[in-house]
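Some notes on the structure that comes next.
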Amino acid sequence: EKTGKVLGEFCQCYKEQYGVALFNSVRYEIEGNGGPQAQLLHRKVPLEDHVIYSGNLFQYIEENKKWRNRFCVVPHNYGLVLYENKLAYERDLPPRLQVNSAGYKILTSVDQYLELVNSSLPGVTPKSGHSPILKCPTDFPLILWHPYSRHYYFCVMTGKEQRQWPVTALSSLCGSEGISEDSKVEAPAFTDAVRMYRQAKEQYGTWDMLCGNETQVLSNLVMEELLPELRTTIGPRLKGKAQERQRTWIQISDAVYRMVYEQTKAQYDAVMAKCEQERPQMESTIRTDMDQIITSKEHLASKIRAFVLPKAEICVRNHVQPYISSILEALMTPTSQGFAEVREVFFKEVTDMNMNIVNEGGLEKLVEYMEKLSHLAFHPVKMQSCYEKMDQLKLEGLQQRFDVSSTSVFKQRAQIHMRQQMDDAVYTFETLLHQELGKLQGKDDLCKSIQRILERVLKKYDYDSSTVRKKFFREALLQITIPFLLKKLAPTCKGELAKFQELIFEDFASFILVENTYEEVVLQSVMKDIMQAVKEAAVQRKHNLYRDSMVMHNSDPNLHLLGEGIPIDWGEEYSGQPEAEPEADKRRRAKQVVSVIQDDEGVLPYEVGAEALLQPGSPEPREPEELNPGVLPSSSDGVEEIREVLAKESLGDADVPSGASVHHAAPASPKPRADVPSEAKVPCATPASPAPRAETPSPSARTACHQPSDKETGEEVAPTGGECSPPQPMGTTESGEGVQTEF
């Protein structure tokens, strides 16, 4: 009932916003944007078939209260996929678990987790001295916590692994690949509908649960209202000890979340289909009556402006304008340092590649290094130093004044921009180098050509990164100040908006909304101050920003034509191996960006049985017979036998019901890789050091955010869709704690 009510109200908002978004899209298509043209190329076909991260960790199986060693793979879509062991992954057996991390928090402390669990069910707190809801067999837990869905418990053997897993494999860009930004109508219509719905409930400001795909976001919207009512109704009826009541409540919340998800998906798909069905007729009307619609909207805006602007300007002058410069400074320092670090990492990687090619060989080595370089933006270790600069972002004081729940949304957005700019720089470099290869004579020419192209790409990067950062600063300032202004103006303005409805012609009512026009007027009241603040920051040159008057015209008229060509496959084009390799071998050799590999036969520091994890008085469950990895047949003749044995164990562990849905986890970025050996020499001049960088303090935190777009929640025992691979190490180090690490 609650889901139907919330979805009914939301779908009405969505239909209204769909017409407005469609009109804006067609108008933009006709009038153009007039903004600065990007100098770097953008990859049209995304990179696939590479593994971001892989390694072993221990997973807690709630059904039998045992810890199991699992081989974990993070594929190119930033999902977290757990297999029985590495051999099961290489044999392409079904995974034990798939997790989508949208909405999850990654915790590295059991105390931190228990604090969140205790707060989720008020009045139910275990007494001092009683066993907690979870015991971890090592000192290095990794816990995925969600306010509504089930929780996942992992642990590793060393602090180094614990630091790397959340940073590189779980936290990075969480939720960033949910709602597609390529959609020019559906995406803005959806996000505006969510915002309008929450503002109607007097909920302004940023929302942490706006992550994942559309169905996940809507499920979060429903649960935000439903869960407090459920807690009030069900909480007092829960029986047993505090730990059992907490565990039961988590299971109830997860079950309700799945039910809400299924119902939400059906209703949202239905309204989407209806809007798509009506789109051709609406678009035809827009194109036919574009001028009249624009005239009607401008007339409405002028009337609203006359009513709202005097009040809005006073509010801006008294409550917003004095703080714009301090908000901007707080945003600019870590962001500019992050983008400067992206430039530095790109410069270093290409320069190192150039030295190694000269010392080790020509074209053959170039192909090998270019395949690695093409994945640089997705390399969590090398990108770590860039991402972690955003950990310095603090809006203390301002955060409370402007009702900003957390800075995570700005950190994630900046990190997404960093990854995209790095990938654009790499793609532009490889496109220009690929064009030059046919004209080169020997190593010296290759060396000089790489240096020349690097300098060209760095100039383009400097211009594009300035444009991207200025846009990011403007959007962040608007995202902080506009909800604050709307909330301040609501008591005096919101109730008077209904009288403006009569100014809209009925034929155009689907494309012009009073509420949206009102928000545009409020935006205009503060936009001038924001633009001026960003412009002054660029004039100061403190953060290496170009002035707005600096317009870099297209110096490479044919470059964007090159970007329209077929994607470059260095290995296939220059390897000289025309024969197609078997699918299994292809999977085994799929590109590995980085891996942390632990011995498959690793065991916990002490035997963890039911007696260590069950509450007192609980019966000890029987443990399914373990498959000994040491006796698995290695020949292809034993594949069926392996499948049968692992399938039996899969039924024994019973991680999930077969109909459950999928959660994905997202990576980030650990330590930068070791420098190239100092003996490497280049027989020709190397480029000067990169452009001036923002001052970089030593990082204190290792958190980043990246993320996936899965259409399901929960978990499911089913084969993964994409092909993944075991790691292809670049170097090996051995720790004293029995954990082998490969990069």
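The values are calculated or read from the model by the stated rules, or taken from the named source; none is laboratory data. Since this is a predicted model, take the numbers as computed values, not measurements. Positions of Cβ are backbone-derived with ideal geometry, glycine not excepted, and every protein chain shown enters the neighbour counts. Only protein heavy atoms, including side chains, enter the accessible area calculation; ligands, DNA and RNA are left aside. Shrake-Rupley method; radii C 1.70, N 1.55, O 1.52, S 1.80 Å.
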**OP:** Mind checking the full-extension length gain between Glu115 and Ala306? Use 0.36 nm per residue of separation minus the Cα-Cα distance, one decimal, nm.
**Re:** 63.7 nm
Subject >> Cβ-Cβ FRET estimate between Gln479 and Glu360, R0 fixed at 41 Å, reported to 0.05 >> reply: 0.25
Subject >> Flagged links, alpha-carbon separation over 32 Å, of Lys160/Lys460; Lys44/Lys471; Lys265/Lys297; Lys135/Lys201; Lys65/Lys389; Lys389/Lys528 >> reply: Lys160/Lys460; Lys265/Lys297; Lys135/Lys201; Lys65/Lys389
Original post:
Given 0.36 nm per residue, what is the gain on full extension from Glu506 to Asp208 after removing their alpha carbon distance, in nm?
Top reply: 103.6 nm
Original post:
On the accessible surface of the stretch 280-424, probed at 1.4 Å, how many percent belong to carbon and sulfur atoms?
Top reply: 50
Original post:
At a 1.4 Å probe, what is the % contribution of carbon and sulfur to the accessible area of the stretch 56-98?
Top reply: 41
Original post:
Using r as the Cβ-Cβ distance of Ser326 and His42, and R0 as 45 Å, what FRET efficiency do you calculate, to the nearest 0.05?
Top reply: 0.85
Original post:
What part of the accessible area of the stretch 225-277, given as a whole %, is carbon or sulfur when the probe is 1.4 angstrom?
Top reply: 58
Original post:
Straight-line reach from Lys303: which lysines have Cα under 19 Å away, leaving out those fewer than 8 places along the same chain?
Top reply: Lys311, Lys494, Lys499
Original post:
For the residue pair Gln524 and Arg237, what label-to-label distance in nm results when each label sits 7 Å from Cα along the Cα-to-beta-carbon direction?
Top reply: 5.5
Original post:
Along the principal axes of its C-alpha atoms, what lengths does the stretch 408-525 span, in descending order and rounded to whole Å?
Top reply: 76, 35, 20
Subject >> Solvent-accessible surface (1.4 angstrom probe) belonging to His299, in square angstrom, nearest 10 >> reply: 90
Original post:
Quick one: accessible area per residue over the stretch 191-309, 1.4 Å probe, rounded to a whole number of Å²?
Top reply: 48
